[in-house]
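Chemist: Dropping a structure here in structure tokens format, bear with me for questions.
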Amino acid sequence: MKRTLLTAALVSWGLASAVGAEAGRQAAEEAAIRKAVESYVAAFNRGDAKALAAMWSPAAVYTNPLSGEEVVGREAIEKQFAGIFAKGKSAKLEATTDSLQFISPSVAVEHGTAKVIRPDQAPEESKYTAVYVKRDAQWLLDRVTEEDVPVVASHYQQLKELEWMIGRWVDQDDDATVVTECNWTKNNNFMSRSFTIKVRDRIDMAGMQIIGWDPAAKQIRSWVFDSDGGFGQATWKKKGNRWYVQQSGVLSDGKKSSSVNVVTRLDDNTCTFQSVNRMVDGELLPNIEEIKVVKE
């Protein structure tokens with residue numbers, strides 16, 4: 001009985017030792033691949049095509065992510081990178097390893113994120129999958145595939161074409177004055193417009209409009225609320241230098257209204273406003289003819 005227990009203990013100890021040794025070997029191999037990634041980035045940022053090509057296996061296949069062209073073999077890969085560096089010497093590479101998986105003792109797959117940075121340009125980011133093979137105690141690239149990371153424009157970028165509206169605008173004649181003030185909200189995700197309509201010596205109406213980007217509908221929308229209790233919403237579409245604002249709402253007495261407002265940008269300090277197809281409670285109203293508005 002004692003001999004049986006001793007044998008079992010020796011087997012267990014041997015198995016644990018083997019598992020520990022395998023884990024240690026894999027950790028060392030992973031460190032070697034991560035070191036190879038660092039060396040690759042350094043060679044790219046030096047513009048050293050020869051050193052870069054030496055990190056690929058003799059029969060490796062490199063696919064140019066811009067043209068989709070496949071380049072086979074170290075010599076061809078070196079020529080390909082030499083041409084890339086000649087055209088854009090200032091480009092810099094960043095690479096982050098997201099995961100590593102060992103298919104066999106001599107084959108590993110790396111998933112990562114690459115970013116190419118050029119002066120005065122937005123960074124180009126892609127997800128890549130790199131297959132490594134181990135030859136003569138060195139891990140070499142054998143296949144690399146890349147996929148662009150979709151760039152999601154910020155709400156500010158979607159609204160930037162309306163940035164000229166920021167400021168204080170005035171439309172005035174002998175009887176009435178309309179003043180509109182437009183500002184960015186915090187983080188530039190929305191534009192806030194306040195307006196007052198003064199007829200002779202009294203304020204007839206005031207209100208607020210919020211303009212924002214609807215990421216679900218992928219369009220610019222706005223919401224308006226006036227001091228009489230009315231409210232509405234609208235969608236914005238641009239054609240040339242004109243914005244067509246399709247508006248619908250509810251008046252303070254419950255009647256439904258709709259219109260198409262046309263805002264035409266003449267320059268950074270001048271625009272025109274016109275309202276057509278005006279309906280209230282199913283009744284067609286006269287158009288508001290085009291008027292000129294200036295920024296103070």
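Chemist: Checking the conditions here, which among D98, D48 is surrounded by 14 or more Cβ atoms within 10 Å (Cβ to Cβ) and of a type outside the set (A, V, I, L, M, F, W, C)?
Modeler: None of the others qualify; the one that does is D48.
Chemist: On the given criteria, is L15 part of a helix (DSSP H, G or I) and either at pLDDT 95 or above or not assigned by TED's automatic domain parsing to the domain that holds D136 (or both)?
Modeler: So L15 fits the description; yes.
Chemist: Moving to a separate point now. Taking the criterion of being aliphatic (A, V, I, L, M), buried (at least 16 other Cβ atoms within 10 Å of the Cβ) and either over 21 Å from R278 (Cβ atoms) or outside the structural domain of G282 (by TED's automatic domain parsing) (or both), would at least one residue in region 238-253 satisfy it?
Modeler: No; the residues of region 238-253 include none that is aliphatic (A, V, I, L, M), buried (at least 16 other Cβ atoms within 10 Å of the Cβ) and either over 21 Å from R278 (Cβ atoms) or outside the structural domain of G282 (by TED's automatic domain parsing) (or both).
Chemist: Of the numbered conditions (1) modelled with pLDDT of 90 or more; (2) out of contact with any helix residue (DSSP H, G or I) (no Cβ under 9 Å at 6 or more places or on another chain), V149 satisfies every one except a single condition; which is it?
Modeler: Going through (1) modelled with pLDDT of 90 or more; (2) out of contact with any helix residue (DSSP H, G or I) (no Cβ under 9 Å at 6 or more places or on another chain) one by one, V149 breaks only (1).
Chemist: Among the numbered conditions (1) assigned to a strand (DSSP E or B); (2) within 13 Å of G47 (Cα to Cα); (3) of a type in the set (A, V, I, L, M, F, W, C), tell me where V109 comes up short.
Modeler: The number of the failed condition is (2).
Chemist: Answer yes if at least one residue in region 220-227 is out of contact with any Asp or Glu (no Cβ under 6 Å at 6 or more places or on another chain), modelled with pLDDT under 95 and of a type in the set (D, E, K, R), and no otherwise.
Modeler: yes
The values are calculated or read from the model by the stated rules, or taken from the named source; none is laboratory data. What you see is a predicted model, and the numbers here were worked out from it, not measured in a lab. For neighbour counting, all protein chains shown are included, and Cβ atoms are generated from backbone atoms with ideal geometry for every residue, glycine included.
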